[in-house]
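S.K.: Could you have a look at this structure, given as structure tokens, before my questions?
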Amino acid sequence: MQTNKLADTTRRIILIVIGAAIAGYALEAVLIPNSVIDGGVTGVSIMGTYLFNIPLGVLLFVLNIPFVYLGYKQVGKTFAIMSIVGIASLSISTVLMHHIEPILSAKDPLLVVISGGVMLGVGIGVVLRNGGALDGAEVLAVLVSRKVPFSVGDIILLINAFIFVGAGFIYGLESALYSATTYYIAKIVIDVIQVGLEKSKSVRIVSKQSEKIGSAIQDRLGRGVTYSSGRGGFSDETIDIVTCVITRMEENKLMTIIKELDTSAFVVITDVAEVRGGSFKKRDIH
């Protein structure tokens, strides 16, 4: 058991280092040479390097230290260690790649934004998926969200809005808009890496034809179902509720099955961040 844990930890550290190196390459070979920045602490560090001529790697490490400490207090030691590995790897990568030849020029701003955003998203996504972090803005957002009536996503958006406004004063409005677009592309790629292309959805179906619907889902969609008993608030009738987990691609087919068997069925579909265990692996269907 101890050997398996050590092997898993080693694998995660290697992937975090690789992810940080990819992010560092995106910054030094694509974004920074074309006056495009990232959001969060990384964006502040890039602007600090531009204004004060301090090495980016130094600023990245120093500015993230307080957030790593907060992460240690709020999340735990493992997260803090993995984040230190990621941030240190990103800092070292930017130092080693500082004089690397840019692969794209400002003559192709759209290509810079798309390729830089994708590479940055891949790097950050790999690090996050393996339990680390490259930027302290997320940790700060989690802490602030506990004291104000806004979500973590809203707070991150607000933080980055100020950063990109600052970028507008330093680099110009055009570069600030390119930076915001790059950040948006990176976030999409991060979500794909963390969740996967086939994002899972949880479905609850309330119907008088619950058994027929459940059997059809298993036979025609290849997904397992769970039945639970419920009671209608208005009708006071006892009824079976069907619950299953599907992928985003299967949603239309599921709705077709339900409508064929009960047009008045009540259906609730919610996004699922991750599915583990059980028999979620799909069976052969017809």
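S.K.: Within the stretch 118-132, is even one residue assigned to a loop (DSSP other than H, G, I, E, B) and aliphatic (A, V, I, L, M)?
M.R.: no
S.K.: One residue is enough: does the stretch 216-225 have a residue meeting the conditions under 30 Å from Ile16 (Cβ atoms), touching a strand residue (DSSP E or B) at 6+ places or on another chain (Cβ under 9 Å) and either part of a helix (DSSP H, G or I) or of a type in the set (D, E, K, R) (or both)?
M.R.: no
S.K.: Please indicate, with yes or no, whether at least one residue in the stretch 22-39 is more than 16 Å from Val113 (Cα to Cα) and of a type in the set (A, V, I, L, M, F, W, C).
M.R.: From the stretch 22-39, those more than 16 Å from Val113 (Cα to Cα) are none; that's our starting set.
Taking every residue of the stretch 22-39 in turn, none turns out to be more than 16 Å from Val113 (Cα to Cα) and of a type in the set (A, V, I, L, M, F, W, C).
S.K.: Next up: Please list, ordered by first then second residue, the pairs with beta carbon atoms under 6 Å, 6 or more apart or interchain, first in the stretch 237-257 and under 14 Å from Thr270 (Cβ atoms) and open to solvent by less than 20 Å² (accessible area, probe 1.4 Å), second at pLDDT 90 or above and assigned to a helix (DSSP H, G or I).
M.R.: Short answer, once both residue conditions are applied: Cys244/Ile217; Ile246/Leu254.
S.K.: Checking Val95 against (1) touching a residue at least 60 places away in the same chain (Cβ under 8 Å); (2) within 22 Å of Leu15 (Cα to Cα), which test does it fail?
M.R.: (1)
S.K.: Checking the structure you have, find out if any residue of the stretch 194-201 is at pLDDT 85 or above and either surrounded by 13 or more Cβ atoms within 10 Å (Cβ to Cβ) or not in a helix (DSSP H, G or I) (or both).
M.R.: Yes, the stretch 194-201 has at least one match.
S.K.: Just one of Ile32, Ile37 is open to solvent by 10 Å² or more (accessible area, probe 1.4 Å), hydrophobic (A, V, I, L, M, F, W, C) and touching a residue at least 24 places away in the same chain (Cβ under 8 Å); which is it?
M.R.: Ile32
Results for (1) over 12 Å from Leu60 (Cβ atoms); (2) without any contact (Cβ under 8 Å) to a residue 12 or more places away in the chain; (3) touching a helix residue (DSSP H, G or I) at 6+ places or on another chain (Cβ under 6 Å), shown as yes or no for each residue.
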{"position": "Phe79", "(1), (2), (3)": "yes, no, yes"}
{"position": "Ile103", "(1), (2), (3)": "yes, no, yes"}
{"position": "Leu110", "(1), (2), (3)": "yes, yes, no"}
{"position": "Ile114", "(1), (2), (3)": "yes, no, no"}
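S.K.: When Gly123 is evaluated against the numbered criteria (1) within 22 Å of Leu157 (Cβ to Cβ); (2) at pLDDT below 90; (3) crowded, with 22+ Cβ neighbours inside 10 Å, which criterion, by number, is the only one it fails?
M.R.: (2)
S.K.: So if I check each of Leu261, Leu173, which one is at pLDDT 85 or above and surrounded by 13 or more Cβ atoms within 10 Å (Cβ to Cβ)?
M.R.: Working: Leu173 fails: surrounded by 13 or more Cβ atoms within 10 Å (Cβ to Cβ).
Step by step, each of Leu261, Leu173 is checked, and only Leu261 is at pLDDT 85 or above and surrounded by 13 or more Cβ atoms within 10 Å (Cβ to Cβ).
S.K.: Let me ask you something else. Please go through the stretch 40-66 and give me each residue that is surrounded by fewer than 17 Cβ atoms within 10 Å (Cβ to Cβ) and either in contact with a Ser or Thr (Cβ under 6 Å, 6 or more places away or on another chain) or farther than 18 Å from Leu140 by Cβ (or both), ordered by number.
M.R.: Scanning the stretch 40-66 gives Tyr50, Leu51, Phe52, Asn53, Ile54, Pro55, Val58.
S.K.: Considering only the stretch 101-117, how many residues are over 23 Å from Phe162 (Cα atoms) and either of a type in the set (Ser, Thr, Tyr) or open to solvent by less than 60 Å² (accessible area, probe 1.4 Å) (or both)?
M.R.: Residues flagged as over 23 Å from Phe162 (Cα atoms) and either of a type in the set (Ser, Thr, Tyr) or open to solvent by less than 60 Å² (accessible area, probe 1.4 Å) (or both) within the stretch 101-117 amount to 4.
The values are calculated or read from the model by the stated rules, or taken from the named source; none is laboratory data. All figures in this text were calculated on a predicted structure; none of them were measured in a lab. Cβ: placed from backbone, ideal geometry, glycine included. Neighbour counts: every protein chain shown. What goes into the accessible areas is simple: the full protein's heavy atoms, side chains included, and nothing from ligands, DNA or RNA. Shrake-Rupley method; radii C 1.70, N 1.55, O 1.52, S 1.80 Å.
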